[in-house]
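Take a look at the structure set out below.
The values are calculated or read from the model by the stated rules, or taken from the named source; none is laboratory data. Treat the numbers as computed from the prediction; the structure is a model and nothing was measured. We place every Cβ from the backbone using ideal geometry, glycine too, and count neighbours over all the protein chains shown. Ligands, DNA and RNA are excluded from the accessible area calculation, which covers all protein heavy atoms including side chains. Shrake-Rupley method; radii C 1.70, N 1.55, O 1.52, S 1.80 Å.
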Amino acid sequence: MQEQPRIRQWRVRTVRVPLAEPHNTASGTVAESPLVLTDVACDDGGVGHSIVFTYTPAALKPTADLVATFGSWFVGETSAPLEIENRIARRLRLLGPQGLTGMAAAAIDMALWDAAARRHGVSLAGLLGASPRPVPAYGAVGYDGIEGSARTAEQWATRGFTGVKAKIGYPTVAEDLAVVRAMRSAIGPDVAILVDYNQSLTPTEAIERVRALDAEGLVWVEEPTLAHDYAGHARIAQAAATPIQCGENWWGVLDLRHALDAGASDYVMPDVMKIGGVSGWMRASALASARNVRVSNHLWPEISAQLLSATPTAHWLEYADWWNPVMAEPLVIEKGMANCAGVMGSGVAWNESAIEKFAA
């Protein structure tokens, strides 16, 4: 019986990739992508790659140091992502899966799964027992006012996207409505509109605003109040006709379970980094699927397209090109659908000249 390969070494690098255009939200502006890039090399010559997004440059070095430390624990050991995920979780039991430790653990997990898929000459979806399949993708519209939001929505629609998601949470509900209606006028009746409050409202404010939006035919209203206020979100979901969407700020599958138990969200959209990498995503996907809850993603379009292919209740793919410059082959979108057919591993591989340019 052939033994699994063993981990030979890790390489951890950091980059700061400027966005082509700053992305404005009700909670702040994203102007760059601070990224930790992780490579694992095994003794059979196989390699795997992963990306984690630290949100702020202040977290780059601490996260990279944690990834390097966690990786060093397993040099010379079998490259088995589920086993290593469990061992990291045990060592971090008192710290928990949230924050920088969770980000670093996810970097390790995603790199190991990528290496496993590449070792077998298949996509990550194929390794997980699925076939890569097209997933409808939506484009992001920032907190850019009436004219700016309509203009960006129209650009996405012109590119063939069948959905757009706008940041709202303006000083008044009348402004929120004006933005939604301007986008609808710009893109026509056949392109889906989703909106995101970025946790900017109290539950009472959210109920008032979502009720005002109910007649607009929105696919969902995302994170109207604080991400971990499960009771508050449950109140909003009960009061609203439009589905409520949450999940990008839940750390680990237990957060997702608690939210579903509370009735906090009609749909879920895990962030592959915060949910615990590929290992965490598959647990979250199974839990959501068992309850017939539709699953979308947050960021990480390349690996998320693979994971949604293996998710029975897959819904939408959130597309973002924030780190395309450092990708060897960014995710392909064709006729509004994410297409990962023919992709090896998780789809993450490097443009080395860009990494050198944006090195931090």
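See the values below:
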item	result
Solvent-accessible area, 1.4 Å probe, carbon plus sulfur percent, for the chain	53 percent
Alpha carbon Rg of region 7-69, scaled by the compact-globule rule 2.2 N^0.38 Å	1.35
Sparse-neighbour loop sites [trypsin sites (Lys or Arg not before Pro); region 277-360; at most 15 other C-beta within 10 Å; DSSP]	ARG291, LYS335
Euclidean distance of C-alpha centroids, region 300-332 and region 163-181, integer Å	26 Å
Coarse-grained scattering of region 184-264 at q = 0.18 Å⁻¹, given as base-10 log I(q)/I(0) from a Debye sum over alpha-carbon atoms	-0.70
Selection from THR225, GLN238, ALA215 lying farthest towards where the dipole of region 171-241 points positive, charges on Cβ	ALA215
Neighbourhood net charge (12 Å Cβ-Cβ; Lys/Arg +1, Asp/Glu -1) for VAL278	-2
Å² of accessible area per residue within region 83-223, as computed with a 1.4 Å probe and no ligands counted	41 Å²
Estimated vicinal HN-Hα couplings, Hz - region 270-276 in sequence order (Karplus 6.51, -1.76, 1.60; Gly, Pro = x)	x, 9, 4, 6, 6, 7, x
Fraction of the pair-distance distribution of the chain above 26 Å, Cα-Cα pairs, percent	49 percent
Estimated dipole of the chain in Debye, rounded to 20 [Cβ of Lys and Arg +1, of Asp and Glu -1, Cα centre]	600 debye
Range of Cα positions in region 2-151 per principal axis (Å), largest first	61, 37, 26
Mean residue ellipticity (222 nm) of the chain, computed from DSSP H runs ≥ 4 via -39,500 (n - 2.57), nearest 500	-12000 deg cm²/dmol
Which of HIS258, SER131, ASN198, positive extreme of dipole for region 125-270 (C-beta unit charges)	SER131
Mean shadow area of region 208-360, taken as a quarter of the surface of its Cα convex hull (nm²)	10.4 nm²
Residues of type lysines that LYS61 reaches as a straight line, Cα spacing below 22 Å, ignoring anything fewer than 8 places off in the same chain	LYS274, LYS357
Selected from ASP214, ASP114, ASP196 as most flexible by GNM, with the chain as the system and alpha-carbon contacts under 10 Å	ASP214
For TRP350, distant residues with modelled amide H under 5 Å away	ALA328
Low-density loop positions, trypsin sites (Lys or Arg not before Pro), region 1-104 - DSSP coil, at most 16 other Cβ in 10 Å	ARG93
